[in-house]
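The next block holds one structure in the form of structure tokens; read it before the comments.
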Amino acid sequence: MKIKIISIGNSKGIRLPNKVLKLYNITDEVSLVLEKEHLLLKPVNNARAGWAEAFAQEVSAQERLLPDFFNDENDASWQD
């Protein structure tokens, strides 16, 4: 696919067709990888997207990954 280089202020840029943006789920930014003989544009995926919501659901469900070891801290039977 050929894409024309356009002027953007004092810089130059390219326009990606909407079809390409949707196909690769590109929304706001891309990663530009500079290679010896070519440039590579990669979609930037937010690896942590949705983590806050998932954590909130886990906390609200009161689920724990480890049992509570301190349930018996008022129990004096372990002391001499």
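FYI, it's all coordinate maths here, none of it is from the lab. Values in this document were obtained by computation on a predicted structure and should not be read as measured data. FYI the Cβ positions are ideal-geometry reconstructions off the backbone, even for glycines, and counts take in every protein chain you see.
Table for the structure above
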read-out: Per residue Cα convex hull volume in Å³ - calculated over the stretch 5-64; value: 159
read-out: Whichever lysines have a C-alpha closer than 19 Å to that of Lys19, once near sequence neighbours (fewer than 8 apart) are set aside; value: Lys2, Lys4, Lys42
read-out: Charged-residue dipole, Cβ positions (Lys, Arg, Asp, Glu), the stretch 5-64 about Cα centre, Debye nearest 20; value: 320
